[in-house]
Amino acid sequence: MNQNMKIDFAIRVAQQSDVIELRDLYKNTVLEINRRDYSQEEVEDWASCGDDLAKIKGMIETHYFIVAVDQQSQVVGFSSITPQGYLHSMFIHKDFQGKGIATMLLKEIERYAIAEGIKQITSEVSITARPFFEKNGYAVKMEQKRRANQCCLTNFWMAKDLDKLNKEL
C-alpha cells in the first residue's frame, strides 16, 4: 500500500446497534493480533469473553465508549473508560493496525478524562499492547495474572497521571 494514501477515520460515541460489530472486532483482534504474545488456548479463552452481548451493551451505557470508523462507516477500533478513570478497552481491527487509530482513540479518551476531572487513568494492559501504552506515557505498576474465562493470562496494571498532562494543554 502506498504510504501517501491517507485513510480518514472519524470518532463517534458507540451505539447499541454497534454491538455485533464490536464483539466480532474484539474476538478477531484477540485471536489474530494477541496470538503473537499468548498461546492459542489463551487467546481462544480470552476471545470467548466477548460472547456476552449484554455485557457489551451495558458498557456502552455506563462507560464513555467510543469507536473509530472508516469512510464506509465500518468500525475499525474502539475504546472505553469508566467514570472512575479505568480504561477498560482498546482494540483495533486486525486489518487496521499501525494506522494511528489507537493513538487517536487514546487522545480522545484522555481529553474526556481531563474534562471530567479524572486525575489518573489506570488500565490492565496485555503484553501485546504494553509498548503502545508505554510510548504514550503509561507506567507499569505491576505485572499480574488475570483470569479470562478458564485461563489466567499475564497482563500489566498500568497508570498515567493526568495532572501533568493538563498543565501541558
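Out of the residues in the stretch 34-68 that are among the aromatic types (Phe, Trp, Tyr) and open to solvent by 20 Å² or more (accessible area, probe 1.4 Å), which is nearest to the chain's Cα centre (by Cα)?
TYR64
Which of the residues belonging to the stretch 110-130 are surrounded by fewer than 21 Cβ atoms within 10 Å (Cβ to Cβ), farther than 26 Å from VAL43 by Cα and not small (Gly, Ala, Ser)?
Result: ARG111, TYR112, ILE114, GLU116, ILE118, LYS119, GLN120.
Run MET104 past the list (1) crowded, with 20+ Cβ neighbours inside 10 Å; (2) in contact with a Phe, Trp or Tyr (Cβ under 7 Å, 6 or more places away or on another chain); (3) touching a residue at least 40 places away in the same chain (Cβ under 8 Å); (4) not in a strand (DSSP E or B) and report the number of the one that doesn't hold.
Result: MET104 fails condition (1) only.
Of all residues in the stretch 69-88, count the ones that are surrounded by fewer than 22 Cβ atoms within 10 Å (Cβ to Cβ) and either within 26 Å of LYS119 (Cβ to Cβ) or of a type in the set (S, T, N, Q) (or both).
Number of matching residues: 10.
Does the stretch 142-162 include one or more residues that are closer than 26 Å to ILE11 by Cβ, basic (Lys, Arg) and either assigned to a helix (DSSP H, G or I) or touching a Cys at 6+ places or on another chain (Cβ under 6 Å) (or both)?
No, there is no match, as no residue in the stretch 142-162 is closer than 26 Å to ILE11 by Cβ, basic (Lys, Arg) and either assigned to a helix (DSSP H, G or I) or touching a Cys at 6+ places or on another chain (Cβ under 6 Å) (or both).
The values are calculated or read from the model by the stated rules, or taken from the named source; none is laboratory data. All of these numbers come straight from a predicted model, not from anything done at the bench. Note: ideal-geometry Cβ built from the backbone for every residue, glycine included; neighbour counts use all protein chains shown. The area values use the complete protein model at the heavy-atom level, side chains included, leaving out ligands, DNA and RNA. Shrake-Rupley method; radii C 1.70, N 1.55, O 1.52, S 1.80 Å.
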